[in-house]
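The values are calculated or read from the model by the stated rules, or taken from the named source; none is laboratory data. Because the structure is predicted, anything quoted here is derived from the model rather than measured. When we count neighbours, we look across all protein chains shown, and the Cβ atoms used for this are built from the backbone with ideal geometry, even at glycine. When the accessible area is computed, the model is the full protein with side chains, heavy atoms only, and any ligands, DNA or RNA have been set aside. Shrake-Rupley method; radii C 1.70, N 1.55, O 1.52, S 1.80 Å.
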Amino acid sequence: MEIPAKYTAAEVEEKWYAYWLKNGFFKSTPDEREPYTVVIPPPNVTGVLHMGHMLNNTIQDILVRRARMQGKNACWVPGTDHASIATEAKVVAKLAAEGIKKTDLSREKFLEHAWEWTHKHGGIILEQLKKLGASCDWDRTCFTMDEKRSESVLKVFCDLYEKGKIYRGVRMVNWDPQALTALSDEEVIFKEQQGKLFYLKYKVVGEESYAIVATTRPETIMGDTAMCINPNDPKTAWLKGKRVIVPLINREIPVIEDDYVDMEFGTGCLKVTPAHDVNDYMLGEKYNLPSIDIFNDNGTLNENGAQYAGMERFEVREHIEKDLIEAGLMEKVEDYTNKVGYSERTNVVIEPKLSMQWFLKMEDLARPALENVENDTIQFYPEKFKNTYRHWMTTIKDWCISRQLWWGHQIPAYYITQPSGEKSVIVAETKEKAYEKALSMFNVQCSIDDLKQDEDCLDTWFSSWLWPISVFDGINNPENADIQYYYPTNDLVTAPEIIFFWVARMIMSGYEYRGQECFKNVYFTGIVRDKLGRKMSKSLGNSPDPLDLIEKYGADGVRMGMIVTAPAGNDFPFDEALCEQGRNFSSKIWNAFRLVQGWAVDTNIVQPESAKAGIDAFHEKLHEAAQQINEQFAHYRISEALMTVYKLFWDEFSAWYLEIVKPEYGKAIDGKTYKITIIFFEEILKLLHPFMPFITEEIWHYLQPRSEGETIMLQQSLTATTFDAKVLKHYEEVKEIIAGIRSIRKDKNLPFKESIKLYIKGLHKESAFANVLIQKLTNVSEIALTTEDIAGSASFRVGAVEYFVPLAVQVNVAEEREKIMAELAYVRGFLQSVEKKLQNERFVASAPAAVVEAERKKQADSLEKIDILEKRLKTM
């Protein structure tokens, strides 16, 4: 086959991805092999690929492809999430652009628009993942609102309700005034911001005195129903048993006492607004205070807002500040920094609000989920995230699972009015089942149309928490072949910011519905940041388009660029130069392949001794690297594994092995060496394939004749390997000797075609292995031992052995002395900086042992180098 001069990524990628799909290499069905299962963190159905997706899915694909090459039955399940809040917001915006308000539509009509939007824009991201090389079983693609997943969600809701774990009640919730829905605590992001602390004057009833209250939210005074003081605070004791008047509103409220009040904050007087603050709500419950809701759902003030009714909440804050000052009811205003809760989805300030919502009790669900992470049944990589997980799980609150949205799983709760006028709720998977229950539970004559379904839908996470089970239909059919074979899954790759939203809840559902872990390992990626350390985002304009990167650098180049500096759990400083490095590596592999393929082969030539030595050495290097890679994957050090393969190819195979075995210019290579070289190349390609699938497939097909239906991805890669450490140690010493000779040739302008002699002083480990490599790679004609320094020579040292290369030309002593003096000055300066570190007791005590040992080695090497240079000066 004619081999192109350049590697053309776009052509190769399109060709091989189509080949993989045509041959069904990504498909998985249960069989006798060990399963390896990964479920994709489902992206938003209408989303597009961003850098976070690129990192996450590259890691998943590496793990899946490696599992296939270990002979496992790898199954990577793709899918998308319906993303209630985000998708509904997009549909509402699209309708608004057409002059249509959501409120003008029926639920059914709105859902028609939502489904139309989803069908038009949905699934784009999955097609984009194919460009990356994602080897998902696309026939298994799931959607959180497809039929099976929807049935699963409703079945679980009903089950948990019957178990008494789901309840409905009025509670303080986080309200999103833009999305017009309640949020769970985990969907609230707290941001530090500059604000004001307002000191308001509450007149004491029957007196001319005032109690001063410090608050950041003066607009909520219309909802005040008490003032609270600490009974142990002497500075507020004078207010005990009294009543005060709410400023501007002129409503009397009682002064209550509770040690909840922080005596050190503000004035010691706390305004109590039970409808709009979670802590005030608790005080209201405790002291049976009335609750006055002053806000509409959209953040404007309602009729309880007095003269501010209809105004937006932050607009009211500005007005009320002026009004309080004019009324003489503002003591002072100070600048104040505090943390304010924002909606994770819409980025607007959330409003604590009393609302009738559905909740899931979490305490019992959390217990096994915490225990089995603590005991490492489920392992986190990196382990530091166990602390984050533990903190949340031990302070967990009930989960608000209802959302005031239409796009999502409508809550399967139905209301019916009994003859007494009492409203009853019936929970069932369908309206028909609810009707049957109504007839059997209540003495009531009604038609099915009398049942009214709850208007709310479920939190999106209430569907995705079932994902590892529901993708195998394990809720509806808990004994089916897929769930029995593929569950529990092996690895989850996800971002730490959804450890509570998703990871913890999936673990809970696994123990609730399968009685075991839902995955064995969780790999947390870092956040992709730009060179300035900022999180990449569209709004900042600092995020490149992943598809543009793939077009420019090839998918393999981008994959390498994403992984090479992305250790687990640490933020990843992305630089496009990393993708360029990846593309350059692809070119290096291609050029090495073309070099090898370009050699003429003669099976009648006897294999040179140098080639035998090179083969022996690289065989050990290959097996050493394979063992390192196995260990690195076992600990999820994936970027290190990539670097091990990279160095094996670039530093060992290309820079050393090919130099050792390549034939002289114009001559052929012997057949035995060539055959083994092709085998080595294949083994490297197999180690590299999970990281760079396209170029490895392309070259693998060129190296040997292949049949239709063959692929590198199903070839067994090196796994259980051993290597001879003594051979490798000797090989490294030989490489140092060769590097020393090459350095002298370069410094002294000694052309390679001119042979040189090498004298060795010291306990040199003489071997045919060493001699043939030194002679081949440095053109040394003779190697001899000596007990004396060789005059008129250039020398270097490897360990305790000194090597001399006699120089045929007269050396300019003055120039040589000047060079040596300059080198001595540099080494002495370097030694001084190293010794300064080692003399620092704090450094020696606190630095890792390996770091201190490395500094001591630098010290010893520097002293040795100084000794050699000083001796050379004496002989001149």
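Any chance you could count how many residues in segment 286-301 are farther than 19 Å from N174 by Cβ and free of Cβ contacts under 8 Å to residues at least 60 places away in the same chain?
Residues meeting the conditions: 2.
Among the candidates W406, W392, W399, which residue alone is more than 30 Å from I245 (Cβ to Cβ), of a type in the set (A, V, I, L, M, F, W, C) and open to solvent by 40 Å² or more (accessible area, probe 1.4 Å)?
Numbers: W392 fails: open to solvent by 40 Å² or more (accessible area, probe 1.4 Å); W399 fails: open to solvent by 40 Å² or more (accessible area, probe 1.4 Å).
Answer to the check: W406.
From the residues in segment 619-677 that are of a type in the set (D, E) and in a helix (DSSP H, G or I), which one is surrounded by the fewest Cβ atoms within 10 Å (Cβ to Cβ)?
D651
Residues being open to solvent by 20 Å² or more (accessible area, probe 1.4 Å), over 13 Å from I744 (Cβ atoms) and not in a loop (DSSP other than H, G, I, E, B): count how many of those fall in segment 777-796.
5
Please determine whether any residue of segment 111-128 is under 26 Å from the mean Cα position of the chain (by Cα), surrounded by fewer than 17 Cβ atoms within 10 Å (Cβ to Cβ) and either charged (D, E, K, R) or part of a strand (DSSP E or B) (or both).
Yes; the residues of segment 111-128 include at least one that is under 26 Å from the mean Cα position of the chain (by Cα), surrounded by fewer than 17 Cβ atoms within 10 Å (Cβ to Cβ) and either charged (D, E, K, R) or part of a strand (DSSP E or B) (or both).
Any residue in segment 797-808 that is touching a Lys or Arg at 6+ places or on another chain (Cβ under 9 Å), among the aliphatic types (A, V, I, L, M) and either part of a strand (DSSP E or B) or surrounded by fewer than 16 Cβ atoms within 10 Å (Cβ to Cβ) (or both)?
Going through segment 797-808, the residues touching a Lys or Arg at 6+ places or on another chain (Cβ under 9 Å) turn out to be 797, 801-807.
Right, trim to among the aliphatic types (A, V, I, L, M) and you get 801, 805, 807.
Cutting the leftovers down to either part of a strand (DSSP E or B) or surrounded by fewer than 16 Cβ atoms within 10 Å (Cβ to Cβ) (or both) gives us 801, 805.
Checked segment 797-808: at least one residue is touching a Lys or Arg at 6+ places or on another chain (Cβ under 9 Å), among the aliphatic types (A, V, I, L, M) and either part of a strand (DSSP E or B) or surrounded by fewer than 16 Cβ atoms within 10 Å (Cβ to Cβ) (or both).
From the list E432, E455, which residue is open to solvent by 70 Å² or more (accessible area, probe 1.4 Å), in a loop (DSSP other than H, G, I, E, B) and either under 16 Å from C518 (Cα atoms) or not small (G, A, S) (or both)?
Going through E432, E455 in turn, just one is open to solvent by 70 Å² or more (accessible area, probe 1.4 Å), in a loop (DSSP other than H, G, I, E, B) and either under 16 Å from C518 (Cα atoms) or not small (G, A, S) (or both): E455.
Between N372, N338, which is among the polar types (S, T, N, Q), crowded, with 16+ Cβ neighbours inside 10 Å and either within 23 Å of the chain's Cα centre (by Cα) or more than 24 Å from P488 (Cα to Cα) (or both)?
N372
When S420 is evaluated against the numbered criteria (1) open to solvent by 50 Å² or more (accessible area, probe 1.4 Å); (2) among the small types (G, A, S); (3) at pLDDT 95 or above, which criterion, by number, is the only one it fails?
(3)
Step by step: first the residues of segment 269-286, then only those that are modelled with pLDDT of 90 or more, charged (D, E, K, R) and part of a helix (DSSP H, G or I), then the one that is farthest from C228 (Cα to Cα). Which residue is that?
Of everything passing the filter in segment 269-286, K286 is farthest from C228 (Cα to Cα).
Results for (1) out of contact with any His (no Cβ under 6 Å at 6 or more places or on another chain); (2) farther than 20 Å from F653 by Cα; (3) in a loop (DSSP other than H, G, I, E, B), shown as yes or no for each residue.
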position	(1), (2), (3)
I695	yes, no, no
I699	yes, no, no
R706	yes, yes, yes
G709	yes, yes, yes
M713	yes, yes, no
T719	yes, no, yes
V734	yes, no, no
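Filter segment 225-246 for residues that are among the polar types (S, T, N, Q) and over 10 Å from G268 (Cα atoms); which is least open to solvent (accessible area, probe 1.4 Å)?
Looking at the filtered set, the residue picked out is T225.
Out of the residues in segment 302-332 that are within 43 Å of the chain's Cα centre (by Cα) and over 17 Å from V246 (Cα atoms), state the one that is surrounded by the most Cβ atoms within 10 Å (Cβ to Cβ). Give the steps one after another, and end with the answer.
At the first step, the residues of segment 302-332 found to be within 43 Å of the chain's Cα centre (by Cα) are 311-318.
Imposing the further condition that a residue be over 17 Å from V246 (Cα atoms) reduces the set to 311-315, 318.
Numbers: M311: 17, E312: 16, R313: 22, F314: 10, E315: 14, E318: 13.
Once the filter is applied, the top-ranked residue is R313.
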